[in-house]
Amino acid sequence: MSFPLALSIGVLGCGVIAAVTFLIGRPRRTSHRVCSALGWLWVAGVVGLTFGTRSGGGQAMNLRLLDLSNPADTWDFFLNVLMFLPGGLLLASAGVSLLTATTVGFLGSLAIETTQYLTASGRTADVNDLLANTLGCVAGYACAAAVRAAFRRTTATAGPRLRA
């Protein structure tokens, strides 16, 4: 699957999710509709990036944990963290717990790495990708939680507003 195709599917899916949830009235809150639509777009982008490019170092599987001696592997680790960061942001926005967000990040990454191995897609199923993706989801969740906490502190200290 190429990235443009995955992006097209993601954009189309966002529109369908937004339209359907609006028409049937579920979820009722606009923020949940937006999170659902953006989540679909994010998943399509991850699938496109994961399977739309050929990469892999010539091996089907890497089980060497944190072997970042090669600068390209370090860069790949960082990019995998970034790729899953939006997932953590969206899960936090949807109101799930940190444990649920961590589990979703881990299982989503495990599904990707297992699929890469089983389909012989030319990509390496890498334990470091599993770790980086899960870490990215947790980091995104933590960023959203920090923003939420800061927002609550500022609104709590602002006090009630007077109405004219």
Ratio Rg/Rh [Cα only; Rh per Kirkwood] for the range 71-164: 1.21
Residues whose placed amide H lies under 5 Å from that of Asn62, excluding near-sequence neighbours: Ala125, Asp126, Val127
Which of Trp75, Trp40 has the fewest Cβ neighbours within 10 Å, and the rest in rising order: Trp75, Trp40
The range 118-159 and the range 97-113: distance between their alpha carbon centers, rounded to Å: 10
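Each value in this text was obtained by applying a stated rule to the coordinates, not by laboratory testing. Because the structure is predicted, anything quoted here is derived from the model rather than measured. Cβ coordinates were reconstructed from backbone atoms using ideal geometry, including for glycine residues, and neighbour counts include every protein chain displayed.
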